[in-house]
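First comes the structure, then the notes that go with it.
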Amino acid sequence: MTQSALRSGAVVGGALVAVGIGAWAGTDFASLTALIPALFGILVVGSAVVGLSTGRERLSLYGIATLGAIAVLGSLRVVPELVTLASGDSVDSTVAVGSQGIVIVLGVVLVAVATRAVVRDS
């Protein structure tokens, strides 16, 4: 179960990389902070690869869950703007709000997948 969870984590990490690069492109390559999701994605993929190649799957899952939680907590400040955007009103940067909303969802997925795998293998 842990290897499959690590593979799933790597896929979600790849999605975070795509979100970061897409957000950066969406700002006409002007905002380097738009790449923050990509940095988290690289760390998640790296953790999954290390876990799969060294046999330290459980430790890697802890790292992935921690990265997911940090990503969620770091993006929670955008929730009021997500509500504003969902209600049809405008926000300062739809790219930033949209990408942080996606990061929240992907971070929750990371925490859930890692937690489920650790609990099942206990």
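Some points to look at:
- For the stretch 1-67, a Kirkwood radius taken over Cα pairs fed into Stokes-Einstein (4 °C, viscosity 1.567 mPa s) yields D = 108 µm²/s.
- Ellipticity at 222 nm from helices only: DSSP H runs of n ≥ 4 in the chain, each -39500 (n - 2.57), divided by the residue count, give -27500 deg cm²/dmol.
- Gain on full stretching of the segment that runs from Leu32 to Ala86 - 0.36 nm per residue minus C-alpha separation: 16.9 nm
- Fraction of C-alpha pairs exceeding 17 angstrom in the chain: 54 percent, rounded to a whole number.
- Two-site FRET efficiency, Gln3 against Leu73, from Cβ-Cβ distance with R₀ of 30 Å, rounded to 0.05: 0.65
- On full extension, the segment bounded by Val50 and Arg120 gains 23.1 nm, given 0.36 nm per residue less the C-alpha separation.
A short reminder: the numbers here are calculations on the coordinates, not readings from a lab. This is a predicted model, so every value here is computed, not measured. Note: ideal-geometry Cβ built from the backbone for every residue, glycine included; neighbour counts use all protein chains shown.
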